[in-house]
Amino acid sequence: MKNILMIIMSTVLVLGCTEKKEEKSQGRPSDLPPQQKAENLKKNKQPEKVVAPKKNKTKSKNENLMDLEEVKARISSFKPMKIDYPPKDLTSELKPVVTELIKAAMIMDEIFFKQVSMKNLEYKKEIEAAVAKNPEKQPYLELYQLMFGPWDRTDDNKPFWDVGPKPAGAGFYDQNLTKSAFNLKLKSLESALKSAKTTKIKNNIQKKIDDLKSLYTIVLRRNGKFKTIKYSQYFKTELSRAGEYLKKAASLTTDNTLKKYLVSRADAFITDDYLESDFAWLKLEGAIEFVIGPYEVYEDKLNGYKAAFESFVTIVDKEYTAKLQEFVKYSQELEKNLPYTKVFPGKGPKNLPIKVVNELFTAGDTKAGIQTLAFNLPNDPRVRQNKKKGGYKLVLLKNVAEAKYKAILVPIAKLIIDSSQQEYISFDAFFTHTLYHEAVHGIGPVYARKNGKKVEIRQELKEYGSANEEAKADMGGLLGLDFMVKQKKKYGEEALKKGYVTFVASIFRSIRFGVNEAHGKANLMALNYLLNEKAVVFDPTTTTFKINFEKISGATRNLVKEIIKVQTDADYEKAKAFEEKWGKVFSSLKKAIAKLKTIPIDIRPQYTVLKELGLKK
């Protein structure tokens, strides 16, 4: 791709920001950022007893369920796209290995269905029974499979089957456990820890706290008592099967780095200790780029503690990956240029692995609803901060990005971006911002000092941490591009314009995901802030947006600085206030989004490799 390195290096390098006072302008929507009135949900009244015989209607748990036509419309908003790959890259030697890896990955689907809700499989049976009685209801089952449950991920988890609201804790916690009850338990344990008089008692209490907060436990409550179960036990059947497939793949591959990863990851499924296998994954050197396990915490809306299972099966695009390796030498500068007081500075890895791949198959968390363009793993701070053998790896899904760009971004840009700036829409800008976004995840603060103690930021910000971190990555990528163009003089001004315009167009691709989803919320916060600063100008006549190239650089720097300040303060209330202030869909955006009804929300991958390998979906 033309100019890929140009935008690549640019977007990752700097993050900076300061809050500015609100200014009145024709370009700033008049309703931004006044607070929106919260809608009061009316509770269903219990029917009164009636003497006269009347028809008894089954009471719905939700009066606003989607009807059949709405369900069909939601399904059609995901455009089926073949996920192809260069046939020559999948050699006869690799096919048997990939077959076993895909079999293991498919089990992540089974696990994630359970992680979405403890009652999820019951709901599936209900829908299947309804379809058996009335085949016209088949779309409900199709949407269930697409969303990994009976809640619409693109509409704030609105239920489309009569199951009631989705539990904030998904399937990670007892279904009736509230956030306040869980946090009250944590506080009582932390209080007991302070007053404990012996080391044995302290260690016992600390273990209970760690188990409750662990990425890899299910939290239950029975008769008022809390109980944690390790993933290795709760999902023992599924993980045992997946581990066997990994071991078989290991026996078939000639790639020693892959063999080591597969064996150690199979062991981790039994022990819940993923550290060594994470280190092994960073060292993969062969044609297959494969990852499997519990990683992202987006599904846990209770506190953002619990990791969901997922998998990516991909083949390395060697030519494109080689072009991107030049970016590696700038990874240290990226960290140095971040605008924050470095009490516990992040330490960007000396050797940053970057892989461009073509996706063959995905499963679990990453497959639900919206498809990801890239991933940056591992998330474990012990791995990311390890100077000798740790760090993180950026993996970009080239064929997925191309499919999204053609099916979604180009049509959106034609409707949303001012005609004078249409020429700046670019696939290179779109794809390379994805790279910088992921790179910025790998740098910046991980720990902060709070009340004199070193704390992990992720745990302090809880459910507000995900969107905050995604916003840092979005805007940090843009700031890096600005740095490379203006200070490093690596690329021309046109690359900067392409980066800004393409990013703003891409925001509208994201905010239709549902603004309670971390990526969509992050994009929404960024756009509202840029509109408020007049760095992006809205034209109510044409319902289009135009980038103010004179102001967007400063506004981007200011926003990043504010975001990182929330992180380094490790302040839950500040993170909440920031998201509530900027994470709202104001009327001007509603008008613009309304124009996009005919454009797909996202793609629906059709994995062509399954037919090639004789595997069922």
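Rounded to the nearest 20 debye, the dipole size of the chain about its Cα centre is 1700 debye, using +1 on the Cβ of Lys and Arg and -1 on the Cβ of Asp and Glu. What a 1.4 Å probe finds exposed on the stretch 276-315 is 50% carbon and sulfur by accessible area, rounded to a whole percent.
For the stretch 64-204, the gyration tensor built on C-alpha atoms gives an oblate shape. Its axis ratio a/c (a ≥ b ≥ c) is at least 1.5, and a/b is not larger than b/c. Longest stretch of the chain clear of exposed loop sites (GluC sites (Glu not before Pro), DSSP loop, at most 16 other Cβ atoms within 10 Å, sites excluded): 286-549.
Round to the nearest 0.05 the FRET efficiency obtained for Glu244 and Lys388 when R0 = 30 Å and r is the Cβ-Cβ distance.
0.40
Cβ-Cβ distance of Val455 and Thr237, R₀ of 35 Å, FRET efficiency by 1/(1 + (r/R0)^6): the value works out to about 0.45.
Using only DSSP helix segments of four residues or longer, with each worth -39500 (n - 2.57), what per-residue ellipticity at 222 nm results for the chain after dividing by its residue count and rounding to 500?
-14500 deg cm²/dmol, from helical runs alone.
Relative contact order for the chain: 25 percent, from Cα pairs under 8 Å spaced at least 6 residues apart, divided by residue count.
Each Lys and Arg contributes +1 and each Asp and Glu -1, all at the Cβ; summed about the Cα centre of the stretch 85-212, the dipole is approximately 960 debye. For the stretch 176-210, run through the trypsin sites (Lys or Arg not before Pro) and keep only the ones in DSSP coil with at most 14 other Cβ atoms within 10 Å of their Cβ. Sites meeting the loop and neighbour criteria: Lys197. For the pair Ala181 and Lys576 in one chain, pulling the backbone fully straight at 0.36 nm per residue adds 140.3 nm over the alpha carbon distance.
Checking the a/c ratio against 1.5 first, then a/b against b/c, what shape does the Cα gyration tensor give for the stretch 173-249? Taking the square roots of the gyration eigenvalues as a ≥ b ≥ c, the stretch 173-249 is oblate.
Helices of the chain meeting both criteria, an alpha-carbon length of 18 angstrom or more along the long axis and an average Kyte-Doolittle score not below -0.5, with helices taken as full DSSP H segments, are 95-116, 179-195, 256-271, 427-441, 465-486, 493-510, 518-532, 552-569. When the solvent-accessible area of the stretch 205-245 is split by element, carbon and sulfur atoms take up 46 percent of it, the probe being 1.4 Å. Excluding ligands, DNA and RNA, the accessible surface per residue across the chain is 45 Å² with a 1.4 Å probe. Against the set (i) 3, 13, 20, 23, 19, 12, 6, 3, 1, 0, 0; (ii) 3, 10, 10, 9, 9, 9, 11, 11, 10, 7, 5, 3, 2, 1, 0, 0, 0; (iii) 3, 16, 27, 28, 18, 7, 1, 0, 0, the structure's computed P(r) over Cα pairs in 10 Å bins from 0, in percent falls on (iii).
If you take the alpha carbon atoms of the stretch 513-561 and fit the smallest convex hull around them, that volume is 83 Å³ per residue.
Identify the trypsin sites (Lys or Arg not before Pro) of the stretch 425-454 meeting these criteria: DSSP loop state and at most 15 other C-beta atoms within 10 Å of the C-beta.
Answer by residue number: there is no such site.
Expressed as a whole percent, the accessible surface of the stretch 420-498 that belongs to carbon and sulfur atoms is 42, based on a 1.4 Å probe.
The values are calculated or read from the model by the stated rules, or taken from the named source; none is laboratory data. Treat the numbers as computed from the prediction; the structure is a model and nothing was measured. Backbone-built Cβ (ideal geometry, glycine too); neighbour counts: all protein chains shown. Just so you know, the surface numbers come from the protein's heavy atoms only, side chains and all, with ligands and any DNA or RNA stripped out. Shrake-Rupley method; radii C 1.70, N 1.55, O 1.52, S 1.80 Å.
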